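Trainee: To start, I am sharing the structure in question, which I have written as structure tokens.
The values are calculated or read from the model by the stated rules, or taken from the named source; none is laboratory data. Every value quoted in this text rests on a predicted model; they were computed, and no experiment measured them. Using ideal geometry, Cβ is built from the backbone for each residue, glycine included, and neighbour counts are taken over all protein chains shown. Just the protein is used for accessible areas: all its heavy atoms, side chains included, with ligands, DNA and RNA removed. Shrake-Rupley method; radii C 1.70, N 1.55, O 1.52, S 1.80 Å.
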Amino acid sequence: MTEGPTPAEIASRSEQVAPKLRRHLPLTPLRSFGAFSDELGAQVLVKCEHEQRTGSFKARGSMAKILTLTDDQRERGVVTASTGNHGLGVGNALATLGGRGIVYLPENASPSKVAALRRYGLEIRAEGTDSGVLEPKARAYAAEHDLTYVPPYNDPDVVAGQGTVGVEILEQLAGEKLDAIVVAVGGGGLVSGIAAVLKKHLPDVKVYGASPVRDAAMAVSVEAGEITLVDGQDTLSDGTAGSVEPGSITFDLCRRLVDDWILVSEDAISAALRMVIDTEHQLIEGSAAMAFAAARARRTELEGQRVAIVSCGGNISAGTLAAALA
């Protein structure tokens, strides 16, 4: 395993990059969801990253990484691998700061995300169905052509960018308590960044990592004690799909920072998606709905607590939405 940054180092980087990102990306709301609070018997606060530019928290990590590049590096071009949302973040960063990019996508990527990527002018290369397999291909291509690779999660700058979600949550709490937070986990960049920041200032906060039963690569890896390839199945939580890259810095961060793992079924994800639409009239994607489903699964232990849920994205195609609501 590659030796990576400590949680304290990630937290420090997140706090340093937060004001830089604020110049380019909006502050997203930390909003009370009344109906869901009543259902859980808890005070639920939702960090609405589905309202972030590009419709996902991924805009943060990609912007943080591309801000570290020179004008020449951006103009030569960057390469990335993504299930969609990270690619959109890269496209937005390049559109904002200048430069060109290539994105490796799984062949089963959401059509709405593919269309959005094309609007950013990114060159798209669709290969295979596992983002974990695409990452080494994208890295190799970047190295061969002297281009910069922008990882979706396996990079300290990217993780620190995602950690600015935690920086904002602390600002928005304004000194009030937080007992627990539920975060969707794919490669682990989001939960690592947020948990590093929150646990620095709120050491007693409990961090729950949520993944679909059908594709829980990081949870399986942590349980095994080493990064483990999984044969994932299609899931409504397509934003978290795929294996974890060998040697990823997020593996050790997740082992150290995530207190408990919650695996949820496709039916539970669909039901949570319907609940958010029916009660809050907000459109979220499957990976965001998964965090709500995970909180539902632990309602007994969350009762009476102040709980944050990270609604990580809102990029869902009409076809996927129709199937989930059927």
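Trainee: Which residue, Arg139, Arg60, Arg119, tops the fluctuation ranking in a GNM of the chain built on C-alpha contacts under 10 Å?
Mentor: Arg119
Trainee: Then there's this: Could you give the angle, 0 to 90 degrees to the nearest 10, between helix 266-280's Cα long axis and the longest principal axis of the Cα atoms of the chain?
Mentor: Its long axis makes an angle of about 70 degrees.
Trainee: Right, here's the next one. Considering only protein heavy atoms and a 1.4 Å probe, what is the carbon-and-sulfur percentage of the accessible area of the chain?
Mentor: 47 percent
Trainee: Each label point is 7 Å from the Cα along the Cα-to-Cβ direction; what then is the distance between the points at Lys20 and Tyr141, in nm?
Mentor: Calculated label separation equals 2.7 nm.
Trainee: Continuing with this model, one more query. Comparing Ala180, Ala138, Ala35, which has the greatest mean-square fluctuation in the GNM of the chain with Cα pairs linked when under 10 Å apart?
Mentor: Ala35
Trainee: Right, something else. Need the C-alpha centroid separation for the stretch 13-46 versus the stretch 182-228, integer Å.
Mentor: 18 Å
Trainee: Here's another thing I want to ask about it. Quick one: longest stretch of the chain between exposed loop GluC sites (Glu not before Pro), exposed meaning at most 11 other C-beta atoms within 10 Å and loop per DSSP?
Mentor: After excluding every exposed loop site, the longest remaining stretch is 4-106.
Trainee: List, in the order given, every pair from Lys113/Lys206; Lys113/Lys200; Lys65/Lys200; Lys65/Lys113; Lys47/Lys177 whose Cα-Cα distance in the structure shown is over 27 Å.
Mentor: Too far apart for the 27 Å limit: Lys113/Lys206; Lys113/Lys200.
Trainee: How much accessible surface does His50 have with a 1.4 Å probe, in Å² rounded to 10?
Mentor: Answer for His50: close to 30 Å² accessible.
Trainee: Treat every Asp and Glu Cβ in the chain as -1 and every Lys and Arg Cβ as +1, leave all other atoms uncharged, and give the resulting dipole magnitude about the Cα centre to the nearest 20 debye.
Mentor: 840 debye
Trainee: For a quick size check, give me the Cα extents of the stretch 214-261 along its three principal axes, largest first, whole Å.
Mentor: Principal extents (Cα only, largest first): 28, 21, 16 Å.
Trainee: Another question, if that's okay. Which angle from 0 to 90°, rounded to the nearest 10, does the C-alpha axis of helix 156-173 make with the longest principal axis of the chain?
Mentor: Helix 156-173 sits at roughly 30 degrees to that axis.
Trainee: Between 0 and 90 degrees, rounded to the nearest ten: what's the tilt of helix 85-97 against the longest Cα principal axis of the chain?
Mentor: It is inclined by approximately 60 degrees.
Trainee: Assuming R0 = 41 Å, can you tell me the calculated FRET efficiency for the pair Glu301 and Glu3, based on Cβ-Cβ distance, to the nearest 0.05?
Mentor: Once rounded, the FRET efficiency stands at 0.75.
Trainee: While we're on this one: Positive end of the dipole of the stretch 201-326, charges at C-beta (+1 Lys, Arg; -1 Asp, Glu), about the Cα centre: which of Ala295, Leu321, Val258 has its Cα farthest in that direction?
Mentor: Checked the options; the winner is Ala295.
Trainee: So what's the back-of-envelope 222 nm ellipticity for the chain, counting only DSSP H runs of four-plus at -39500 (n - 2.57) apiece and dividing by all residues, rounded to 500?
Mentor: Dividing the helical sum by the residues of the chain leaves -15000 deg cm²/dmol.
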